[in-house]
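S.K.: The following block contains the structure, expressed as C-alpha cells.
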Amino acid sequence: MTGADLTTLLERLASSGVDFVLVGGLAAVAQGAPITTFDADIVPRRTSVNVGRLLAFLTEIGGHYRGRPGPPLPPSRNALLGPGHSLLATDLGPLDVLGAIEGGRGYDELLPDSLVIDLGGHPLRLLSLEALVRYKRGSADPKDKLRLPVLEAALRRR
C-alpha cells in the first residue's frame with residue numbers, strides 16, 4: 001500500500017453488493033465531526049453469501065492482515081463470519097472488518113441506529129452520530145474517551 005484512499009475504498013465497497021455499516025471515525029467525519037482517522041471501520045452482515053461478496057471484494061483490492069510477519073495472509077471466511085476483528089491492509093488503505101462493536105452489536109443490531117447517505121452514486125449505510133456518541137460513552141478505550149468530547153460537540157452543533 002502506497003497511500004490511503006479511503007473515499008475510493010468506501011465507494012468501491014458500497015458498489016460491491018456487500019451489506020455493511022460504516023462505524024468509527026469515518027462515520028463521524030461523514031456527519032461533520034472534525035476528527036482525523038486513518039482507516040475505515042465496518043461491521044458487515046455475517047451471512048455466508050455476504051461474507052462471500054466481502055471476500056471477493058477484499059481479493060480485488062489486495063486485502064490481507066496487517067502487522068503480521070511473513071508473507072501477506074488473506075482474511076478467512078471463518079474469521080469474517082465470527083464476532084472478532086480482522087484488521088486488514090488493502091491497496092486502498094486500512095480496513096477494519098469488525099464482527100461486532102461495543103456491547104456485542106453486530107450488523108442487525110446496528111441497523112436501527114444507522115442512516116444511509118449517497119457516496120459516489122451508491123448508498124452508504126453508516127452509524128448515526130447519536131449512536132456513536134452513545135456507544136463511545138460506555139467504551140473503556142482511551143482513544144474513545146479522547147474523541148468523545150469532540151463527537152459530543154459535533155452532535156450539539158447539528
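S.K.: Do we have LEU55 as under 19 Å from ALA4 (Cα atoms), surrounded by 12 or more Cβ atoms within 10 Å (Cβ to Cβ), modelled with pLDDT of 95 or more and not basic (Lys, Arg) here?
M.R.: Values: under 19 Å from ALA4 (Cα atoms): no; surrounded by 12 or more Cβ atoms within 10 Å (Cβ to Cβ): yes; modelled with pLDDT of 95 or more: yes; not basic (Lys, Arg): yes.
So LEU55 does not fit the description; no.
S.K.: Here is a further query. Working only within region 1-25, note down all residues that are at pLDDT below 95 and within 17 Å of LEU111 (Cα to Cα).
M.R.: GLY24
S.K.: Also: In region 20-50, how many are surrounded by fewer than 17 Cβ atoms within 10 Å (Cβ to Cβ) and under 18 Å from LEU88 (Cα atoms)?
M.R.: Summing the residues that are surrounded by fewer than 17 Cβ atoms within 10 Å (Cβ to Cβ) and under 18 Å from LEU88 (Cα atoms) in region 20-50 gives 1.
S.K.: Could I ask something else about it? Only one residue in LEU88, LEU146, LEU115 is touching a His at 6+ places or on another chain (Cβ under 7 Å), of a type outside the set (S, T, N, Q) and without any contact (Cβ under 8 Å) to a residue 40 or more places away in the chain. Which one?
M.R.: Details: LEU146 fails: touching a His at 6+ places or on another chain (Cβ under 7 Å); LEU115 fails: touching a His at 6+ places or on another chain (Cβ under 7 Å).
Within the list LEU88, LEU146, LEU115, the selection yields LEU88.
S.K.: May I ask you to say which residue of VAL51, VAL43, VAL21 is out of contact with any Pro (no Cβ under 6 Å at 6 or more places or on another chain), assigned to a helix (DSSP H, G or I) and β-branched (Val, Ile, Thr)?
M.R.: On the way: VAL43 fails: assigned to a helix (DSSP H, G or I); VAL21 fails: assigned to a helix (DSSP H, G or I).
Being out of contact with any Pro (no Cβ under 6 Å at 6 or more places or on another chain), assigned to a helix (DSSP H, G or I) and β-branched (Val, Ile, Thr) holds for just one of VAL51, VAL43, VAL21, which is VAL51.
S.K.: I need a count of the residues in region 14-38 that are touching a residue at least 60 places away in the same chain (Cβ under 8 Å), more than 26 Å from ARG158 (Cβ to Cβ) and touching a helix residue (DSSP H, G or I) at 6+ places or on another chain (Cβ under 7 Å).
M.R.: Matching residues across region 14-38 total 1.
S.K.: Something else now. Can you find, within region 28-40, the residue that is nearest to THR7 (Cα to Cα) among those that are part of a loop (DSSP other than H, G, I, E, B) and of a type in the set (Gly, Ala, Ser)? Full working, then the answer.
M.R.: At the first step, the residues of region 28-40 found to be part of a loop (DSSP other than H, G, I, E, B) are 30-39.
Now narrow it down to the ones that are of a type in the set (Gly, Ala, Ser): 30, 32-33.
Values: ALA30: 11, GLY32: 15, ALA33: 16 Å.
Step by step, filter region 28-40, then rank; the result is ALA30.
S.K.: Out of ARG147, ARG156, report the one residue that is more than 15 Å from the chain's Cα centre (by Cα), among the basic types (Lys, Arg) and surrounded by 14 or more Cβ atoms within 10 Å (Cβ to Cβ). Quick ask: steps written out before the conclusion?
M.R.: Details: ARG156 fails: surrounded by 14 or more Cβ atoms within 10 Å (Cβ to Cβ).
The unique qualifying residue is ARG147.
S.K.: Would you mind telling me which numbered condition in (1) basic (Lys, Arg); (2) loosely packed, with under 15 Cβ neighbours inside 10 Å; (3) within 16 Å of the chain's Cα centre (by Cα) ARG137 fails?
M.R.: All conditions are met except number (3).
S.K.: Restricting to region 85-119, count the residues that are modelled with pLDDT of 95 or more, of a type in the set (Val, Ile, Thr) and either buried (at least 16 other Cβ atoms within 10 Å of the Cβ) or in contact with an Asp or Glu (Cβ under 8 Å, 6 or more places away or on another chain) (or both).
M.R.: 2
S.K.: Can you find a residue in region 2-15 that is more than 14 Å from LEU98 (Cα to Cα), in contact with a His (Cβ under 9 Å, 6 or more places away or on another chain), hydroxyl-bearing (Ser, Thr, Tyr) and not in a strand (DSSP E or B)?
M.R.: Within region 2-15, one or more residues are more than 14 Å from LEU98 (Cα to Cα), in contact with a His (Cβ under 9 Å, 6 or more places away or on another chain), hydroxyl-bearing (Ser, Thr, Tyr) and not in a strand (DSSP E or B).
S.K.: Looking at LEU81 and the list (1) surrounded by 19 or more Cβ atoms within 10 Å (Cβ to Cβ); (2) over 16 Å from GLN31 (Cα atoms); (3) at pLDDT 95 or above; (4) not hydroxyl-bearing (Ser, Thr, Tyr), which single condition is not satisfied?
M.R.: (1)
The values are calculated or read from the model by the stated rules, or taken from the named source; none is laboratory data. Note that the structure is a prediction, hence the values are computed from the model and not measured. Neighbour counts run over all protein chains shown; Cβ positions are idealised from the backbone, glycine included.
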